[in-house]
Amino acid sequence: MHMRWAPIAPGYAGAYACSTMNHPRLSRLAAGLGLAFTLAALPAAFVWGQDGVTVRKESTLAKLVPASEIEKASSQQYAQLKQQAAAKGALAPPGDPQLQRVRAIAQRIMPFASKWNPRAANWQWEVNLLRSDQINAFCMPGGKIAFYTGIINKLQLTDAEIAIVMGHEMSHALREHARARVGQQAATNIGASILSQIFGLGETGNAVLGASASLLTLRFSRTDETEADAVGLELAARAGYDPRAGVTLWQKMQAASQGAPPQWMSSHPSDSSRIAEIQRRLPEVMPLYERARRG
């Protein structure tokens, strides 16, 4: 599942704050608008170092949205998805061999999830398999995972390659990329609402500003995707799956895409750059894999 976000023009908050200095009627609104845009503009250049891969710090924007709320919404949407899939006969039953395989791989990875997000220890993890030709997989906030048979069958994935996909999708949830995207949208909405008040545009203004923001929306950013690749490699390695499978996975993806990326990676980095980045990360995660193999 890919949430959408709306970037905000850098430097806008500062320009707006200056313009309100001579308008006392607007001064009380400037603080609110400035907060929204300042949060949106905070850099993510800081890194978090540890045993394994090193990534940027968590997004400040995620804090605009309560984790409990986005996880509750995720659970509801996931339940609806399962219900719809079951009605179409597309939800694999518990005894399905492929579902059991995917769940077994997930079970090996889950114990290492809370290192990346302490709340994951209390998530009600769920893994399901959807019978579809789509090359697709996702993990929603709160640990709601879905694999599509298409990604397994069309790419003839090994267990290690499934673990790489699983780790990548889990990482989106653990690193709260969706929550940050929603936070970005929340900041945009705060700004749009205040601007409408300032210019007396009312609901019409909200609609216009909202439409303008939607033109800038994207799926997970390429930075998010690259981070999920890195954290996913570590999760797979700690669970005892060879992280070098990340290279073969994306070689298979490259062959399957034939120049057009599958739906689930439409906003992802190119296959070639992705493979190169995974190869660069291997020295960080191979020791974890060797340690896991030794038990």
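Each value in this text was obtained by applying a stated rule to the coordinates, not by laboratory testing. Everything quoted here is computed from the prediction, not taken from an experiment. Note: ideal-geometry Cβ built from the backbone for every residue, glycine included; neighbour counts use all protein chains shown.
Summary table below
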| read-out | value |
| --- | --- |
| Segment Ala79-Ser257, extension gain: residue separation times 0.36 nm, minus the distance between their alpha carbons | 61.1 nm |
| Counted charge near Leu91, where neighbours are those whose Cβ lies closer than 9 Å (Asp, Glu -1; Lys, Arg +1) | +3 |
| Inter-label distance, nm, simple model (7 Å from Cα along the C-beta direction), Ala86/Ser273 | 4.2 |
| Inter-site label distance for Ser68 and Thr54 at 7 Å from Cα along Cβ, in nm | 3.7 |
| Label-to-label distance, nm, for residues given as Asn153 and Asp96 (7 Å Cα→Cβ offset) | 1.0 |
